[in-house]
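The values are calculated or read from the model by the stated rules, or taken from the named source; none is laboratory data. Just so it is clear, the structure is predicted and the values come from calculations on it, not from any experiment. Cβ sites come from the backbone with ideal geometry, for glycine too, and all protein chains shown count toward neighbours. Just the protein is used for accessible areas: all its heavy atoms, side chains included, with ligands, DNA and RNA removed. Shrake-Rupley method; radii C 1.70, N 1.55, O 1.52, S 1.80 Å.
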Amino acid sequence: GGVGKSTITTELALAFRHAGKKVGILDVDLCGPSIPRMLSIGRPDVHQCDAGWVPVYADAQKSLALMSIGFLLEDPDEAVVWRGPKKSAMIGQFVSDVAWGELDVLLVDTPPGTSDEHLAVLENLKKHRVDGAILVTTPQAVSTGDVRREITFCKKTGVRVLGIVENMSGFVCPHCSECSNIFSKGGGEDLAKLTGSVFLGSVPLDPLLSSSIEEGKDFMQSFPNSATFSAINSISQALLSSLQND
C-alpha cells in the first residue's frame with residue numbers, strides 16, 4: 001500500500017496511448033478509487049448499452065477507457081464498507097458487463113494485498129488471456145518484503161510476473177535535477193534478482209509527476225524531456241515488446 005500502484009497504472013496507460021494503443025483501465029481498488037482524479041475525470045454518468053455499461057473515456061479519440069466504482073458513488077467521500085462476496089460480485093460486473101470494445105491493453109489497478117479483489121479478478125478473467133502482473137515496490141526492505149509475498153501469490157495462482165517496477169527511487173530536485181536517495185536504493189532490482197523476475201526499471205520521486213497526478217494532467221505529454229518520462233517510457237516499451245513477443 002502507498003507504493004504508487006495507481007500512479008504507475010495511470011502513467012503506463014498514458015504511455016501506451018501515446019504509443020498508438022487503445023487502452024482500458026479497470027480500477028478494482030474499491031475502497032480507494034483514485035484513478036478518475038488522476039485522469040481528471042469528474043463523476044460522469046455511466047450509461048448502459050446493449051452490451052452493458054459504457055466505460056468512461058479520458059480523451060475525445062476514445063483511446064483511453066476507464067471503469068471505476070468512483071463513477072458509481074453518489075458522494076465521492078462515501079466509504080465502501082463491503083464484505084468479500086459483494087466486492088467479488090462488483091468486480092465480476094466490471095469484467096463481464098462493461099462494453100470495453102476492442103482494446104490493445106487492459107490494465108487492472110488492484111488494491112494492496114492478496115485477497116478477495118485479486119482472486120475475483122483472476123476468476124472473472126479466466127475466459128480471457130491474462131498476460132501477467134506488474135508488481136510495484138519502493139526501495140526499502142519493508143516494501144520489497146510485501147512484494148515478495150505478491151510474487152508467491154502469482155506463482156500459486158499461475159500468473160506470470162511481467163516484471164517489477166521500483167517507484168519513488170530517489171528524489172529529483174526541481175532546481176538542479178540531482179537525484180537523492182530518500183528511502184534507500186536498489187531494493188526492487190535486488191528483489192528481481194532474488195526471485196528470478198524481470199526488473200523493468202526505476203521511477204524517481206519527481207515533483208513534476210506528483211503535480212501532474214494531483215492536477216489530472218498528462219505528464220507524458222507535458223514533460224517529454226524529463227528523466228522521469230524516460231524511465232516510464234522505457235518501462236512501457238519493455239512491456240509492449242514483451243506482450244508482442246508472446
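Residues 184, 177, 211: which one is among the hydroxyl-bearing types (Ser, Thr, Tyr), open to solvent by 60 Å² or more (accessible area, probe 1.4 Å) and more than 16 Å from residue 150 (Cβ to Cβ)?
None of the other options fit; the residue is 177.
Right, residue 129: in a loop (DSSP other than H, G, I, E, B) and out of contact with any Gly (no Cβ under 7 Å at 6 or more places or on another chain) or not?
For residue 129, the condition - in a loop (DSSP other than H, G, I, E, B) and out of contact with any Gly (no Cβ under 7 Å at 6 or more places or on another chain) - is met.
I want to confirm something. Restricting to the range 215-228 and keeping residues that are in a helix (DSSP H, G or I) and more than 16 Å from the chain's Cα centre (by Cα), which single residue is surrounded by the most Cβ atoms within 10 Å (Cβ to Cβ)?
Checking each candidate, the answer is 228.
Go through the range 137-172 and give me each residue that's of a type in the set (Gly, Ala, Ser) and crowded, with 23+ Cβ neighbours inside 10 Å. Walk me through how you get there before you give the answer.
The first filter runs over the range 137-172 and keeps only residues of a type in the set (Gly, Ala, Ser), leaving 141, 143, 145, 158, 163, 169-170.
Matches in the range 137-172: 143, 169.
Is one or more of the residues making up the range 67-79 closer than 18 Å to residue 12 by Cα and exposed (fewer than 14 other Cβ atoms within 10 Å of the Cβ)? Don't jump to the end; show me each part of the working.
So in the range 67-79, the residues closer than 18 Å to residue 12 by Cα come out as 67-68.
With exposed (fewer than 14 other Cβ atoms within 10 Å of the Cβ) added as a condition, the list becomes none.
No: zero hits.
Report yes if some residue within the range 155-164 is within 22 Å of the chain's Cα centre (by Cα), assigned to a loop (DSSP other than H, G, I, E, B) and without any contact (Cβ under 8 Å) to a residue 24 or more places away in the chain; otherwise report no.
Scanning the range 155-164 turns up at least one residue that is within 22 Å of the chain's Cα centre (by Cα), assigned to a loop (DSSP other than H, G, I, E, B) and without any contact (Cβ under 8 Å) to a residue 24 or more places away in the chain.
For every residue, the table says whether it meets (1) at pLDDT 90 or above; (2) over 20 Å from the mean Cα position of the chain (by Cα).
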| site | (1), (2) |
| --- | --- |
| 44 | no, yes |
| 62 | yes, no |
| 76 | no, yes |
| 81 | no, yes |
| 89 | yes, yes |
| 110 | yes, no |
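Give me the pairs: first residue in the range 9-37 and closer than 23 Å to residue 90 by Cα, second residue of a type in the set (Phe, Trp, Tyr) and modelled with pLDDT of 95 or more, beta-carbon distance under 8 Å, and six or more apart or on different chains, which are they?
Matching pairs, first to second residue: 23/16.
Tell me, yes or no, whether the range 118-136 has at least one residue that is without any contact (Cβ under 8 Å) to a residue 60 or more places away in the chain, of a type in the set (Asp, Glu) and open to solvent by less than 20 Å² (accessible area, probe 1.4 Å).
Among the residues of the range 118-136, not one is without any contact (Cβ under 8 Å) to a residue 60 or more places away in the chain, of a type in the set (Asp, Glu) and open to solvent by less than 20 Å² (accessible area, probe 1.4 Å), which makes the answer no.
Can you name the number of the only condition in (1) open to solvent by 70 Å² or more (accessible area, probe 1.4 Å); (2) out of contact with any strand residue (DSSP E or B) (no Cβ under 9 Å at 6 or more places or on another chain) that residue 93 fails?
Exception for residue 93: condition (2).
Just to be sure I understand, how many residues within the range 13-28 are open to solvent by 10 Å² or more (accessible area, probe 1.4 Å) and out of contact with any helix residue (DSSP H, G or I) (no Cβ under 7 Å at 6 or more places or on another chain)?
Qualifying residue count, the range 13-28: 4.
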